[in-house]
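What follows is a single structure, written as structure tokens, with notes after it.
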């Protein structure tokens, strides 16, 4: 008999396969002490986060209930805020309007510019230029909000008169952009300042998402004769859509809760103005920052009640963003 044939026909013994239960334990990391410790720490961190969020919600709800029970008016529709009255009168109508409108305008300004900058850095700019531009964007994200507020009050506000005059001349007939010549410490000025503040956040996250686009997708589009813009439109933007939405929600969260910059620039009052160019209005965070130091016990409860409304608005925005992202899961990098 041929020895080579015997060697070829002999096969090594098959090792025993682990059972289904053992495979499940191995997948969960239950066979190693380090994996079990890491799993416990990760799970505990998640539970701790939920406990903290629940504690904040319970605290805000309790103090808000005390304030609303003492409120003389309607908390949701009252324009006045005077906690020194007996009983006190306060409402969030003006604050909700100013917070939502300023955030929406800031998003409308910042998101297109941020996406364009991210695309320029990742797909258009030469490498020598992309690095410094990205570095400058990173520096803008590190600037404290009070510095933005001082810059807005001393530099931005005095230079807004020309824009306000132009808007009044050409679009004043709409009523939204009519201007009576007052100081431009308005909702529109605040919105522009907020757009500048959230621009680095949206740009940085979008830039990292666009960098994760599979190179094969872009090369395939180029092989089919697509131009650079067509590659961006057909490959890059669909892939990064969920990431851009996430970046926008991060920026919106900062815009909704921004405090010192808004308090430094805005001239608040408790009235809703049809024009965005006239001083007035207010936001939740700005009102809390400006009134908390001198507030009485009833006033603090009223401010906490307004903080609860801002907390709920933020949760709703983040929940809506999560739903949108899940519906766009086919464009995620995990499925590429």
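Summary table
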| quantity | calculated |
| --- | --- |
| Inter-residue pairs, beta-carbon under 6 Å, first farther than 18 Å from residue 280 by Cβ and in the range 163-184, second surrounded by 13 or more Cβ atoms within 10 Å (Cβ to Cβ), 6+ apart | 171/177 |
| Qualifying positions in the range 189-212 - crowded, with 23+ Cβ neighbours inside 10 Å and more than 16 Å from the chain's Cα centre (by Cα) | 189, 190 |
| Residue 108, sole failed condition from (1) modelled with pLDDT of 90 or more; (2) surrounded by 13 or more Cβ atoms within 10 Å (Cβ to Cβ) | (2) |
| Top-ranked residue in the range 77-96 [being assigned to a helix (DSSP H, G or I) and touching a strand residue (DSSP E or B) at 6+ places or on another chain (Cβ under 9 Å); ranked as surrounded by the most Cβ atoms within 10 Å (Cβ to Cβ)] | 95 |
| Selection within the range 82-95 - modelled with pLDDT under 80 and out of contact with any helix residue (DSSP H, G or I) (no Cβ under 6 Å at 6 or more places or on another chain) | 82, 84, 85, 86, 89 |
| Elements of type helices (runs of 4 or more DSSP H) in the range 174-240, at least 3 residues being closer than 30 Å to residue 145 by Cβ | 187-211 |
| Which numbered condition residue 154 fails, given (1) farther than 21 Å from residue 254 by Cα; (2) assigned to a helix (DSSP H, G or I); (3) touching a helix residue (DSSP H, G or I) at 6+ places or on another chain (Cβ under 7 Å) | (3) |
| Test: residue 250 is modelled with pLDDT of 85 or more, out of contact with any helix residue (DSSP H, G or I) (no Cβ under 6 Å at 6 or more places or on another chain), within 30 Å of residue 191 (Cβ to Cβ) and not in a loop (DSSP other than H, G, I, E, B) | no |
| Evaluation of residue 293 against (1) part of a loop (DSSP other than H, G, I, E, B); (2) buried (at least 22 other Cβ atoms within 10 Å of the Cβ) (one fails), failing number | (2) |
| Sole exception among (1) within 28 Å of the chain's Cα centre (by Cα); (2) modelled with pLDDT of 90 or more; (3) surrounded by 14 or more Cβ atoms within 10 Å (Cβ to Cβ) for residue 165, by number | (1) |
| Single residue of the range 260-289 satisfying the filter (in a loop (DSSP other than H, G, I, E, B) and touching a helix residue (DSSP H, G or I) at 6+ places or on another chain (Cβ under 6 Å)) that is nearest to residue 306 (Cα to Cα) | 283 |
| Any chance residue 102 is surrounded by 12 or more Cβ atoms within 10 Å (Cβ to Cβ) and more than 17 Å from residue 279 (Cα to Cα) | no |
| Residue list for the range 114-148, filter: surrounded by fewer than 16 Cβ atoms within 10 Å (Cβ to Cβ) and outside any helix (DSSP H, G or I) | 126, 143, 144 |
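The values are calculated or read from the model by the stated rules, or taken from the named source; none is laboratory data. Given the structure is predicted, the values throughout are model-derived calculations rather than measurements. All Cβ positions, glycine included, derive from the backbone under ideal geometry; neighbour counts span all protein chains shown.
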